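To keep things clear, I will list the structure first and then write my remarks on it.
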Amino acid sequence: LLPSADHWLEPSEFGRLLHDTFCEFYRTRPSESAAVTKEADGDALRTLLETNIEAAKNRIPIPSRNAYLTTRRELNQAADVFLREEARWQHETPWRPTWLEASIGLKAHPIGETCGTDIDRDEPVRVTLPAGTLAIRGQIDRIDTRADQPNAIAIWDYKSGSAKKYHESGPFDQGRILQHDLYARMAQAALPGRTIEEVGYYFTSYRGRGERVGYDPAELRDEATAILSELYRLFATGCFPATTDAADCRYCDYQKICGDVARVAKTSKQRLAECSDPALDPFRTLRAIAPAEDAQ
């Protein structure tokens, strides 16, 4: 998609620019540095952000001066939120970032002049489910450790939106939200023997205001495995039904393929209720839709 008239960067590009900036910020700080403070680290963070903005300008056309200035302001607001929250977090807790953009089952994504971590691995992590084995891979934004408990880790995924839906939907939202569980499984495989105390999402934008939404992965593991099992059953049978909620498509790059997404979602929901095909059973379970008794 081309940039919009109101914003220079698409959400994925906006998020990637911030991810790279936050990663470089910590990778370029001396390891023996004291906790982050706004006074000592503000200039370094702003310089990195400016460098990445300039690099993005060479790759991505700017539709208008207003779109550029709006996006630039939002990027700087996000950086300010990040710096403020990091200073507060490190003042109040013993947690410190240790692994940044760890690539599990993927080629490491280059960040500035640095690339990779010492826990990167080429092979995906294999998850054993009742119906078969699922291979998962991804890039974990951040894994923290704490000085007073070296074997404890916490996993955080940066988000550039707000935390609203994570509060309203529950930890998995009928299978729509799985990142925290998958990241925990990947991190556990890359760091055997470590205890994952928390895994979740870190909202660094102005709308997110530095909020963190975290979970204990052990408490949710059975529920997550059940959801993954239902998804696996869909994949295994080659059944890929459309979503039952048009809101799921809000940021999709391929809406034109589906056409009227509201109509498609409504039709999909009706089909789940009216069609007795067992291939749809996993999706019915996820969406909590029971077929009609006289479904054919």
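The values are calculated or read from the model by the stated rules, or taken from the named source; none is laboratory data. The structure presented is a predicted model; accordingly, all values stated were derived computationally and were not measured. Backbone-built Cβ (ideal geometry, glycine too); neighbour counts: all protein chains shown. For accessibility, only protein heavy atoms count, side chains too; no ligands or nucleic acids. Shrake-Rupley method; radii C 1.70, N 1.55, O 1.52, S 1.80 Å.
Applying 1/(1 + (r/R0)^6) with R0 = 25 Å to the Cβ-Cβ distance of T93 and S12, what FRET efficiency is obtained, to the nearest 0.05? Kindly include the intermediate steps, with their values, before the conclusion.
Values: r = 30 Å, r/R0 = 1.21.
Using R0 = 25 Å, I get an efficiency of 0.25.
When the C-alpha atoms of region 164-296 are aligned to their principal axes, what extent does each axis show, in angstrom, from largest down?
50, 35, 24
Only helical DSSP H runs with n ≥ 4 go in: add -39500 (n - 2.57) per run for the chain, normalise by residue count and round the 222 nm mean residue ellipticity to 500 deg cm²/dmol.
Values: 9 runs with 131 residues, N = 296.
Here the helix-only value at 222 nm equals -14500 deg cm²/dmol.
Please state the shape class of region 45-162: rounded when a/c is under 1.5, otherwise prolate if a/b exceeds b/c and oblate if not, all from the C-alpha gyration tensor. The partial results should precede the final answer.
Working: a/c = 2.18, a/b = 1.40, b/c = 1.57.
In terms of gyration-tensor shape, oblate.
Fully extended, how many nm does the chain gain between T237 and C258 (0.36 nm per residue separation, minus their Cα-Cα distance)? Before the final figure, lay out each step's value.
On the way: separation 21, 0.36 × 21 = 7.56 nm, distance 2.19 nm.
Working it through step by step, the gained length comes to 5.4 nm.
Excluding R271 itself, calculate the net charge of residues whose Cβ lies under 13 Å from the Cβ of R271, where each Lys or Arg counts +1 and each Asp or Glu counts -1. Before the final figure, lay out each step's value.
Values: positive: R263, K266, K269, R284, R287; negative: E274, D277, D281.
Net of charged neighbours comes to +2.
For helix 179-190, what angle does its Cα long axis make with the longest principal axis of the chain, in degrees from 0 to 90 and rounded to 10?
Tilt relative to the chain: about 70 degrees.
Treating the Cα atoms of region 1-96 as identical point scatterers in vacuum, please give the log10 of the normalised Debye intensity I(q)/I(0) at q = 0.14, 0.15, 0.18, 0.25 Å⁻¹, two decimals.
Ignoring solvent entirely, the Cα scatterers give -0.55, -0.61, -0.81, -1.31.
Could you compute Rg(Cα) / (2.2 N^0.38 Å) for region 118-176, with N its residue count?
Working: Rg = 15.4 Å, N = 59, 2.2 N^0.38 = 10.4 Å.
The value comes to 1.49.
Explain nothing, just the number: relative contact order of the chain, from Cα pairs under 8 Å at least 6 residues apart, as a whole percent.
Values: 441 pairs, mean separation 40.3, N = 296.
Averaging sequence separation for qualifying contacts and normalising by length gives 14 percent for the chain.
Over all directions, what mean area does the Cα convex hull of the chain project, stated in square nanometres? Could you put the intermediate results ahead of the total?
Numbers: hull surface 69.3 nm².
Approximately 17.3 nm², given one-decimal rounding.
Sorted by mean Cβ packing within 10 Å, highest first, what order do the peptides 217-225, 250-258 take? Walk me through the intermediate numbers first.
Working: 217-225: 14.6, 250-258: 10.7.
Output ranking for 217-225, 250-258: 217-225, 250-258.
Can you count the Lys pairs in the chain whose Cα atoms are under 23 Å apart, with each pair 8 or more apart or on different chains? Intermediate values should be presented prior to the final figure.
Values: K38/K159; K57/K159; K107/K159; K165/K266; K165/K269; K256/K266; K256/K269.
Pairs that pass both the separation and distance tests number 7.
Run through the DSSP bridge list for the chain and note the antiparallel percent, rounded to the nearest 5. Walk me through the intermediate numbers first.
On the way: 23 of 32 bridges.
Expressed as a percentage, antiparallel bridges in the chain total about 70.
Just report the Cα centroid separation between region 181-225 and region 110-144, whole Å.
Comparing the Cα centres of region 181-225 and region 110-144, I get a distance of 14 Å.
On average, how much accessible surface per residue is there in the chain, in Å², for a 1.4 Å probe, leaving out ligands, DNA and RNA?
Details: 15850 Å² over 296 residues.
That works out to 54 Å² for each residue.
Once neighbouring chains are kept in place and the probe is 1.4 Å, which whole percent of the accessible area of the chain is contributed by carbon and sulfur? The partial results should precede the final answer.
Working: 7980 of 15850 Å².
Using a 1.4 Å probe with all protein chains present, the chain comes out at 50 percent carbon and sulfur.
Note the angle between two axes, namely the Cα long axis of helix 261-274 and the longest principal axis of the Cα atoms of the chain, as a number of degrees from 0 to 90, rounded to the nearest 10.
40
Would you please give the residues with an amide H less than 5 Å from that of Y206, counting only those at least 5 places away or on a separate chain, with H modeled from the backbone geometry?
Close amide H contacts, sequence-distant or interchain: A78.
Rounding to the nearest 10 and keeping the result within 0 to 90°, find how far the Cα-based axis of helix 11-27 lies from the longest principal axis of the chain.
40
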